[in-house]
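Written below as structure tokens is the structure these notes are about.
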Amino acid sequence: VALVPDGARAVPGLLRRMRDALEAAPASDVRVVAAPVGSVRPSCWTLQVDLKAWTARYGHADHQSDHYSDHRSDHQNDHQNDHQNDHHPEHPADHCGALDGAPAVLLLRTRDLFSLPFPLTLPVVTSLSIQASLRGWRFLLLPDSFPLAPRPPPSPHELWKARNSLEKQRRALMEQLGIKLEQLPDGRRLWHGCSKDTPRCFGTVHSQTPQYLVAGRWTPPCCLRALRITARHVVAELEAAGVRYWLEGGSLLGAVRLGDIIPWDYDVDLGLYLEDAPKCRWLQAVLTTGRPVEDSEGFLWEKAAEGEFFRVHFSPANRLHVDLWPFHARPGGVMTKDTWLGHRQDVEFPESFLVPLVPVAFAGGAAKAPNDPRAFLELKFGPGVVESPEYPNPEVRRL
């Protein structure tokens, strides 16, 4: 099957040469042969698709190549002089994980094309690149090119319409394929997931297990980004107000293991001293009015409906959040709280873990933690918890 973009003009024998190159290539490797259309050659990139992380990572190809002249048949050699302007045997053919930036004719076996779940979804080259990457297929980009039919230069409005249409197609494709983030070779990131203006990418969490874990994936990268931003904001507000706080539960586990949020976590947990809560103006406003309060940067502070603790959301629309658990000391120097949700880590602990608090790396910044994080975590979760990662509720889904 040849997939030919609009405006490509025929070249005698080029499709046959593409077919011969496809048949000569190892079937376990090259499954698509491409030839540029016009004078601009497509970018040849590597591509790694991590479905668990909802991410496609592009890189610059190292130009491992074949000499295309080795794949030509004797019949083609006999007619080399007929196509001197179209064929450049001295140029190698590049192996690529993905093509981008310019049109190309693609040739692949019919059975391969229709083995894909989305064989003809637009934009075709991007769609095929991602689906091919998941199967370990590569593209062979030939030096030959098809001429591009001459056209009058597009107007600025036509260029805008074309770009807008391509962006819409790409967003729809990423939604279909479950890709929330594209990392480009130049370091730029294209986000296709949630933002401050949209709901988060997953629904209500049941039995401590979000839907993405049930589907065999981890936290979408846009959600992790929102959690990091919210965590840094809340930490900055608490520190500026002089509130004594510390990383709790799975968030402390992530800080000790990775210096970051655990890749499958869906919220951030902080403990704080109950008597310090009124020092923070936003918590004081919630305590005074009993209503949610949106701060000057668009984060929503509220009292949680489940009990006596607070919750700070990424935005009123996006309910990714940081939970703030107020603790107080009871006689004997033991820290306790008024709401227990039955989680494994919901246990009392000696106040000595908090005197003093120590800084640790977390979520792209620093946050306060108990002074012996490992002992604190093993008290809450059990021995060896730092070295033995597990999902929040292994009875529903195991790591």
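Descriptive notes on the structure:
- For VAL256, the criteria (1) within 30 Å of PRO123 (Cα to Cα); (2) open to solvent by 50 Å² or more (accessible area, probe 1.4 Å); (3) touching a helix residue (DSSP H, G or I) at 6+ places or on another chain (Cβ under 7 Å) hold in every case but one, which is (1).
- Among the candidates ASP94, ASP70, residue that is of a type in the set (Asp, Glu) and modelled with pLDDT of 90 or more: ASP94
- The strands (runs of 3 or more DSSP E) found wholly in the range 176-278 and carrying at least 1 residues that are of a type outside the set (A, V, I, L, M, F, W, C) and more than 15 Å from ASP323 (Cβ to Cβ) occupy 181-183, 189-191, 268-273.
- Scanning the range 342-357 for residues that are touching a helix residue (DSSP H, G or I) at 6+ places or on another chain (Cβ under 8 Å) and either under 24 Å from HIS233 (Cα atoms) or modelled with pLDDT of 95 or more (or both) yields PHE349, PHE353.
- Within the range 346-373, the residues that satisfy the criterion of being open to solvent by 60 Å² or more (accessible area, probe 1.4 Å), part of a strand (DSSP E or B) and not small (Gly, Ala, Ser) are PRO359, LYS368.
- Just one of (1) open to solvent by less than 60 Å² (accessible area, probe 1.4 Å); (2) hydroxyl-bearing (Ser, Thr, Tyr); (3) out of contact with any helix residue (DSSP H, G or I) (no Cβ under 7 Å at 6 or more places or on another chain) fails for THR219. It is (3).
Residue-wise test of (1) touching a residue at least 60 places away in the same chain (Cβ under 8 Å); (2) surrounded by 16 or more Cβ atoms within 10 Å (Cβ to Cβ); (3) under 17 Å from the mean Cα position of the chain (by Cα).
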residue: GLN131; (1), (2), (3): no, yes, yes
residue: GLU158; (1), (2), (3): no, no, no
residue: GLU167; (1), (2), (3): no, no, no
residue: LEU184; (1), (2), (3): yes, no, yes
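- A count restricted to the range 312-340 and to residues that are closer than 15 Å to ASP269 by Cβ and within 31 Å of the chain's Cα centre (by Cα) stands at 8.
- Test: residue in the range 383-398 that is open to solvent by 30 Å² or more (accessible area, probe 1.4 Å), assigned by the TED database to the domain that holds THR230 and of a type in the set (Gly, Ala, Ser): no
- If you go through the range 334-345 and keep only what is out of contact with any Lys or Arg (no Cβ under 8 Å at 6 or more places or on another chain), open to solvent by 30 Å² or more (accessible area, probe 1.4 Å) and outside any strand (DSSP E or B), you end up with ASP338, TRP340, LEU341, GLY342, HIS343.
- The number of residues in the range 239-252 that are under 15 Å from VAL385 (Cβ atoms) and either open to solvent by less than 10 Å² (accessible area, probe 1.4 Å) or in contact with a Gly (Cβ under 8 Å, 6 or more places away or on another chain) (or both) comes to 5.
- Among the residues making up the range 16-60, those that are open to solvent by 80 Å² or more (accessible area, probe 1.4 Å) and in a helix (DSSP H, G or I) are ARG16, ARG19, GLU23.
- Single condition ALA317 does not satisfy, out of (1) aliphatic (A, V, I, L, M); (2) surrounded by fewer than 18 Cβ atoms within 10 Å (Cβ to Cβ); (3) outside any loop (DSSP other than H, G, I, E, B); (4) in contact (Cβ under 8 Å) with a residue 60 or more places away in the chain: (3)
The values are calculated or read from the model by the stated rules, or taken from the named source; none is laboratory data. Everything quoted here is computed from the prediction, not taken from an experiment. Virtual Cβ from ideal backbone geometry, glycine too; neighbours counted across all protein chains shown. Note: accessible area is taken over every heavy atom of the protein model, side chains too, but ligands, DNA and RNA are not part of it. Shrake-Rupley method; radii C 1.70, N 1.55, O 1.52, S 1.80 Å.
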